[in-house]
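**Q** The structure under discussion is supplied below as structure tokens; questions concerning it will follow.
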Amino acid sequence: PWLQIAKQTPFTSIILLICALVYIFSYFGAFQPIAQAISIRPIGALTQTHEWWRLIGPVFLHFSMLHIVFNLLWWWVLGTQLERIFGTTSLVIMFLVSGVVSNVAQLLISGPNFGGLSGVVYALFGFVWWIGWLRPQWGIGLPRNLVLFLLAWLVLGYADILWVNMA
């Protein structure tokens with residue numbers, strides 16, 4: 001069944017595969033060259049080099065097994081739901097906008113050393129949560145306990161009391 005879902009949701013599947021491959025290659029020693037190629041740079045440097053892919057690049061970097069499992073699980077749950085209902089183009093736009101906005105915000109707040117799909121995941125989570133609440137007839141949403149879990153995880157991350165660094 002997962003192969004059928006992957007065929008129905010190609011963009012969700014491609015992003016999941018890219019993140020997994022980047023993590024695997026990084027794990028086996030290629031982290032430095034990968035990070036050098038896709039990490040975000042200060043805005044001033046980007047305007048001079050025109051390496052605009054770096055605005056989205058950090059979403060593909062993950063720093064631990066827990067980090068990638070959490071992000072890819074939620075990317076799969078939310079992305080497949082959104083891609084099926086709103087289409088691939090809409091999910092691509094959501095991915096790019098939320099990825100760039102969250103990466104630039106993180107760059108401005110803490111500098112260029114970060115990575116992960118969390119900004120995109122939380123943007124999709126917010127969209128699914130609110131659309132499910134405002135337009136239940138559209139057939140998307142999350143159970144209340146998962147909404148509470150994700151909100152609690154977000155608060156714990158911002159409070160900086162978790163054993164992992166959270167953007």
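**Q** Is it the case, given these coordinates, that Ala152 is assigned to a helix (DSSP H, G or I), of a type in the set (A, V, I, L, M) and surrounded by fewer than 11 Cβ atoms within 10 Å (Cβ to Cβ)?
**A** It is true that Ala152 is assigned to a helix (DSSP H, G or I), of a type in the set (A, V, I, L, M) and surrounded by fewer than 11 Cβ atoms within 10 Å (Cβ to Cβ).
**Q** Scanning for something crowded, with 19+ Cβ neighbours inside 10 Å and either closer than 28 Å to Val128 by Cβ or of a type in the set (Val, Ile, Thr) (or both), does the stretch 23-33 turn up at least one residue?
**A** Of all residues in the stretch 23-33, those crowded, with 19+ Cβ neighbours inside 10 Å come to 23, 26.
Imposing the further condition that a residue be either closer than 28 Å to Val128 by Cβ or of a type in the set (Val, Ile, Thr) (or both) reduces the set to 23.
Scanning the stretch 23-33 turns up at least one residue that is crowded, with 19+ Cβ neighbours inside 10 Å and either closer than 28 Å to Val128 by Cβ or of a type in the set (Val, Ile, Thr) (or both).
Here's the yes/no breakdown for (1) of a type in the set (S, T, N, Q); (2) open to solvent by 40 Å² or more (accessible area, probe 1.4 Å); (3) at pLDDT below 90:
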| site | (1), (2), (3) |
| --- | --- |
| Pro112 | no, yes, no |
| Ala123 | no, yes, no |
| Trp129 | no, yes, no |
| Ala159 | no, yes, yes |
| Asn165 | yes, yes, yes |
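**Q** Among the candidates Gln4, Gln36, single out the residue that is at pLDDT below 95, open to solvent by 80 Å² or more (accessible area, probe 1.4 Å) and in a helix (DSSP H, G or I).
**A** Gln4
**Q** Right, something else. Does Ser118 satisfy the condition of being out of contact with any Lys or Arg (no Cβ under 9 Å at 6 or more places or on another chain), at pLDDT below 95, surrounded by 15 or more Cβ atoms within 10 Å (Cβ to Cβ) and more than 16 Å from Ala35 (Cα to Cα)? Explain how you work it out, then say what you get.
**A** Values: out of contact with any Lys or Arg (no Cβ under 9 Å at 6 or more places or on another chain): yes; at pLDDT below 95: yes; surrounded by 15 or more Cβ atoms within 10 Å (Cβ to Cβ): yes; more than 16 Å from Ala35 (Cα to Cα): yes.
Judged against the criteria, Ser118 is a match.
**Q** Now for a separate question. For the stretch 78-90, how many residues are without any contact (Cβ under 8 Å) to a residue 40 or more places away in the chain, of a type outside the set (S, T, N, Q) and either open to solvent by 70 Å² or more (accessible area, probe 1.4 Å) or assigned to a helix (DSSP H, G or I) (or both)?
**A** Selection size over the stretch 78-90: 1.
The values are calculated or read from the model by the stated rules, or taken from the named source; none is laboratory data. Predicted model, so just to flag it, every value in this text is computed and none were measured. Because the Cβ atoms are built from the backbone with ideal geometry, glycine has one as well, and the counts that use them run over all protein chains shown. Only protein heavy atoms, including side chains, enter the accessible area calculation; ligands, DNA and RNA are left aside. Shrake-Rupley method; radii C 1.70, N 1.55, O 1.52, S 1.80 Å.
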